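Note sheet for the following structure.
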Amino acid sequence: MKLLSVHDIKQNRSFIQSIRWEVTPKIFMNPSSGPRSEAGKCIDITYGYMLYVDRVNEKPALMIMMLKRMMSQNVGHIIGIPDDLLRDAMNCKCADCIGGMYPITGKLEDWLKKELGVS
C-alpha cells in the first residue's frame, strides 16, 4: 500500500478529480442506503476513489479506496493529515461507521479541499 503526502496528491489533478466526496463507507457497503438521483437510481460506486478513515498501526489514517465494478481495493493512505481531524472522524455515529471504516467529517473534507485546491 502506498504512502502518499498531501503534496503528492496535489500534483495529481486526475486523482483529485476522481475523488468521490459523496461516497461514504455506509454507501460503499450498502449503495441503496445513499441518496438517489432524480431518476431514483442509487449512487454508482464503480468508479473513482473513496476517502475514509481507518486504523493503521493503532493510529487513525486517511485511506484511499479505488472503487471498481467487481472488486474495489485499498491503494494507499495519505500522510500529513492533522491528527485532531482524523481522531474526530473516528467519533462518528455507529450507523455511519461500517466494517472499521469511518467517514470523513465536514471539517476534514473542508481541510482536504483547501489543501488540494478543490472548490
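Here, each number is a calculation from the coordinates, and none is a lab measurement. What you are looking at is a predicted structure, and each value in this text was computed from that prediction instead of being measured. Backbone-built Cβ (ideal geometry, glycine too); neighbour counts: all protein chains shown.
In this calculation the C-beta distance from Gln73 to Lys114 is compared with R0 = 22 Å, giving a FRET efficiency of 0.20.
The largest-to-smallest principal axis extents of the Cα set in the chain are 39, 32, 27 Å. Ranked by the mean number of other Cβ atoms within 10 Å of their residues, highest first, the peptides 92-98, 113-119, 80-86, 103-109 fall in the order 103-109, 80-86, 92-98, 113-119. The ranking of His77, His7 by Cβ neighbour count inside 10 Å, starting from the fewest, reads His7, His77. Database remark: amide H of Val56 closer than 5 angstrom to the amide H of Ala61 (H placed geometrically; neighbours at sequence offset of 5 or more, or on other chains; Pro and chain starts carry no H).
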